[in-house]
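The values are calculated or read from the model by the stated rules, or taken from the named source; none is laboratory data. What you see is a predicted model, and the numbers here were worked out from it, not measured in a lab. All Cβ positions, glycine included, derive from the backbone under ideal geometry; neighbour counts span all protein chains shown.
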Amino acid sequence: MPSAKFRKLGERPIFDTSMLHIALGSFEGPDGEHFERDIVHHPGAVIIVPVDEATDEVVLVRQYRAPLDMELLEVPAGKRDVKEEALELTAQRELAEETGLEAGRLELIGHFYNSPGFCDEESWCFLARDLRPVPGSRHGIEEEHMTVERHPFSGVSEFVRSGAITDAKTIVGLLLAQAALS
């Protein structure tokens, strides 16, 4: 016997910013009960795991995050804020902006939903290899003050276990990169 399904009935806009669109969604459960949920629409993002295989290093950025009032060690990443830009172009642009590097080889290694309990943000993860320097062009005060760090790629699991890396997209990206390179 097939299981009953949930059904979206519609949504009503609540609030819009340049990046987020917040709505109240109306749904029907498998038993016919109606319910509402807050939904945050996000344009999506790319994350890039830049690995220098010659030195066994991963390139990370340390960036201030205002919601947490602290700096986090992260993989380079960015919103898909250029309409209809190809994922690979967004990834190359963000990598260059944040790290001053360009990838000779860029491989899509996975994608995931960041927080599907309330938000539709989807992230596409790229492994960047054959890195070479290019001019960077950081945007915004946080990026202007971020630092670029190189760490042993073989030691990233310990960075996660120790709490040195707590950013979810970075943890997922590093795990995907480890799997792709093994």
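Search segment 140-176 for residues being part of a loop (DSSP other than H, G, I, E, B) and touching a residue at least 12 places away in the same chain (Cβ under 8 Å), and hand back the single one that is surrounded by the fewest Cβ atoms within 10 Å (Cβ to Cβ).
Pass one, segment 140-176, residues part of a loop (DSSP other than H, G, I, E, B): 145-146, 163-167.
Checking which are touching a residue at least 12 places away in the same chain (Cβ under 8 Å) leaves us with 145-146, 164-167.
Working: His145: 12, Met146: 19, Ala164: 14, Ile165: 21, Thr166: 14, Asp167: 20.
Looking at the filtered set, the residue picked out is His145.
Looking only at segment 51-101, how many residues end up being more than 26 Å from Ser182 (Cβ to Cβ), in contact (Cβ under 8 Å) with a residue 24 or more places away in the chain and of a type in the set (Gly, Ala, Ser)?
Residues flagged as more than 26 Å from Ser182 (Cβ to Cβ), in contact (Cβ under 8 Å) with a residue 24 or more places away in the chain and of a type in the set (Gly, Ala, Ser) within segment 51-101 amount to 4.
In segment 20-36, which residue that is surrounded by 11 or more Cβ atoms within 10 Å (Cβ to Cβ) and not in a strand (DSSP E or B) is modelled with the lowest pLDDT?
The selected residue is Leu20.
List every residue pair whose Cβ atoms lie under 7 Å apart, where the two residues are 6 or more positions apart in sequence or sit on different chains, the first residue falls within segment 19-32 and is within 10 Å of Leu9 (Cα to Cα), and the second residue, located anywhere, is in a strand (DSSP E or B) and of a type in the set (Asp, Glu).
Partner pairs satisfying both residue conditions: Gly25/Glu11; Gly25/Glu36; Ser26/Glu11; Ser26/Glu36.
Considering only residues that are among the basic types (Lys, Arg) and under 19 Å from Ala66 (Cα atoms), which ones fall in segment 127-182? Even if it seems obvious, please write down each step before you answer.
First pass over segment 127-182, keeping only residues among the basic types (Lys, Arg): 129, 132, 138, 150, 161, 169.
Once the filter is applied, which keeps residues that are among the basic types (Lys, Arg) and under 19 Å from Ala66 (Cα atoms), segment 127-182 yields Arg138, Lys169.
Which of (1) modelled with pLDDT under 95; (2) more than 18 Å from His145 (Cα to Cα) is the odd one out, the single condition Ala66 does not satisfy?
Checking Ala66 against (1) modelled with pLDDT under 95; (2) more than 18 Å from His145 (Cα to Cα), the one that fails is (2).
Among what's in segment 70-127 and is of a type in the set (Ser, Thr, Tyr) and part of a strand (DSSP E or B), pick the residue that is surrounded by the fewest Cβ atoms within 10 Å (Cβ to Cβ). Even if it seems obvious, please write down each step before you answer.
We begin by selecting, within segment 70-127, every residue of a type in the set (Ser, Thr, Tyr); these are 90, 99, 113, 115, 123.
Next cut, part of a strand (DSSP E or B) only: 113, 123.
Working: Tyr113: 12, Ser123: 21.
Looking at residues that are of a type in the set (Ser, Thr, Tyr) and part of a strand (DSSP E or B), I get Tyr113.
Determine whether Ser3 is of a type in the set (Gly, Ala, Ser), modelled with pLDDT under 95 and out of contact with any Phe, Trp or Tyr (no Cβ under 7 Å at 6 or more places or on another chain).
Values: of a type in the set (Gly, Ala, Ser): yes; modelled with pLDDT under 95: yes; out of contact with any Phe, Trp or Tyr (no Cβ under 7 Å at 6 or more places or on another chain): yes.
Against the criterion (of a type in the set (Gly, Ala, Ser), modelled with pLDDT under 95 and out of contact with any Phe, Trp or Tyr (no Cβ under 7 Å at 6 or more places or on another chain)), Ser3 qualifies.
Identify all residues within segment 56-67 that are under 13 Å from Glu142 (Cα atoms) and either in a loop (DSSP other than H, G, I, E, B) or aromatic (Phe, Trp, Tyr) (or both); write none if there are none. Talk me through it step by step, then tell me what you get.
The first filter runs over segment 56-67 and keeps only residues under 13 Å from Glu142 (Cα atoms), leaving 61-67.
Selection gives Tyr64, Ala66, Pro67.
So is Pro135 closer than 24 Å to Glu88 by Cα and over 18 Å from the mean Cα position of the chain (by Cα) or not? Spell out the reasoning first.
Working: closer than 24 Å to Glu88 by Cα: yes; over 18 Å from the mean Cα position of the chain (by Cα): yes.
So Pro135 passes the test.
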